[in-house]
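The values are calculated or read from the model by the stated rules, or taken from the named source; none is laboratory data. Here the structure is a predicted model, which is why all the values come from computation and not from measurement. In this analysis, Cβ positions are derived from the backbone assuming ideal geometry, glycine residues included, and neighbour counts consider all displayed protein chains.
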Amino acid sequence: MPDLQRNVKIETAEFARASAKPEDLIDDGTPQVAFVGRSNVGKSSLLNRLAGQTIARTSSTPGRTRTVNWFRIDRRWWLVDLPGYGFAKASKTDRKAWGEVVDAYLANSSGRLLVVQLVDAKVGATELDVGAAEWLRSLDRPAVVVATKVDRLKRGERARALERIRRALGLDHEADLLAVSADTGEGVRELWQRIEEFLAAG
């Protein structure tokens, strides 16, 4: 069976910082690939699959990622794990604080940034997903949309599910929408290709 995990070998993935406040964010001009999505969309599992090692803590409890987490990849780019929007059962105060740091990150980062927005393929695009996509477009941030957990859909359901996501997010058919499973590795090679294209663009 072919290796679907990745088409790039990561030599080092080093945790650098957890930013809970805007002033703690890193903005050093190094390319950044940031992952964002609704709570419980499978973000941590996908990050670990991409890295080929455990770098993000997974949990059955939504909303466990509460800071902007920075991983230095091969000492040449940042992989950034953003808190899930929706924030599960967090307090109003916590949601406000997390929202402020994510807002500051996406709005003020001056370096090269690729945003990977994750949407649950089975659930479809929620109002939160639609709002996030519209906000990213307003900031003119390049984004790749990834439909996660596609292994939970029957083959005949996938095309319809992806089309519903595409319509809900207002994506034209030239926009990236990748079907990915962290469990089986499906689509991970294609996601790596998008990331490498971004990094190679200089």
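Below are the figures for this structure:
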| item | result |
| --- | --- |
| Of residues in region 10-29 being out of contact with any strand residue (DSSP E or B) (no Cβ under 9 Å at 6 or more places or on another chain) and within 18 Å of Leu113 (Cα to Cα), the one surrounded by the fewest Cβ atoms within 10 Å (Cβ to Cβ) | Gly29 |
| Qualifying helices (runs of 4 or more DSSP H) (wholly inside region 60-179; at least 1 residues being at pLDDT 95 or above and either surrounded by fewer than 21 Cβ atoms within 10 Å (Cβ to Cβ) or not aromatic (Phe, Trp, Tyr) (or both)) | 155-169 |
